[in-house]
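Below: one structure, written as structure tokens.
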Amino acid sequence: DTEVTQTPKHLVMGMTNKKSLKCEQHMGHRAMYWYKQKAKKPPELMFVYSYEKLSINESVPSRFSPECPNSSLLNLHLHALQPEDSALYLCASSPGQGRGGNEKLFFGSGTQLSVL
Amino acid sequence: DAKTTQPPSMDCAEGRAANLPCNHSTISGNEYVYWYRQIHSQGPQYIIHGLKNNETNEMASLIITEDRKSSTLILPHATLRDTAVYYCIVRAGANNLFFGTGTRLTVIP
């Protein structure tokens, strides 16, 4: 199994809603990532978890709250989002075995989020 | 991580080789060169990566200059399904992968 599975594929939410994005992998990877991608722009790193601990937060607003309940699961909790937060949210994983840059990331197909 | 520079767009005739260049003049000795591609609204797909030597796999070849300041991704026989945005990334740390603006490759029938 070399897949990273993201659910839901599409999500529409209002600015007062609370929702969660889910990401799952069963490759035994110990590093997991959230990226945000606006239309016609490259993906931007948001968060990195390494061995279930948050290791990188790229100054993301607190209305985005990541959670890594175990090594296979990564969630992104959303609350009080703005319309400008509408984007494709991508999850990725990598082995996380401390091999420096010699470790490729596997990406899911993303959740297309629309905030109304 | 070092920055990369890629042409914003390129065209390639179907069946011909597609050669996508990337400049990474500030690359440091422990940084790998990665190539990913992204087909419209899908997740990025890994293509190939290398440190110093040229690399080849079932998808593509990666040619890295001796001074490591630039590289070229070669798709030997481009098909319509290779139309995508191609990202060249240099990476040292285990916990990051920063994307540049990429090259939009269009394969023309």
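Structural remarks
- Of all residues making up segment B:53-109, the number that are among the small types (Gly, Ala, Ser) and part of a loop (DSSP other than H, G, I, E, B): 7
- Candidate set: segment A:66-116, residues that are over 12 Å from the mean Cα position of the chain (by Cα) and hydroxyl-bearing (Ser, Thr, Tyr); chosen: the one nearest to the other protein chains (Cβ to nearest Cβ): A:94
- Every residue from segment B:1-33 that is in contact with a Leu (Cβ under 8 Å, 6 or more places away or on another chain), at pLDDT below 95 and of a type in the set (Ser, Thr, Tyr): B:32
- Inter-residue pairs, beta-carbon under 9 Å, first in a loop (DSSP other than H, G, I, E, B) and in segment A:48-68, second of a type in the set (Gly, Ala, Ser) and crowded, with 16+ Cβ neighbours inside 10 Å, 6+ apart: A:51/A:31; A:51/A:71; A:51/A:96; A:52/A:71
- Any chance residue B:36 is within 11 Å of chain A (Cβ to nearest Cβ), surrounded by 13 or more Cβ atoms within 10 Å (Cβ to Cβ), in contact (Cβ under 8 Å) with a residue 24 or more places away in the chain and farther than 11 Å from residue B:86 by Cα: no
- For segment B:43-66, the count of residues that are more than 24 Å from residue A:97 (Cβ to Cβ), in contact (Cβ under 8 Å) with a residue 40 or more places away in the chain and more than 13 Å from chain A (Cβ to nearest Cβ) is zero.
- Set A:105, A:81: member being over 23 Å from residue B:50 (Cα atoms) and among the hydrophobic types (A, V, I, L, M, F, W, C): A:81
The values are calculated or read from the model by the stated rules, or taken from the named source; none is laboratory data. In this text the structure is predicted, and so the values were computed from the model without any measurement. When we count neighbours, we look across all protein chains shown, and the Cβ atoms used for this are built from the backbone with ideal geometry, even at glycine.
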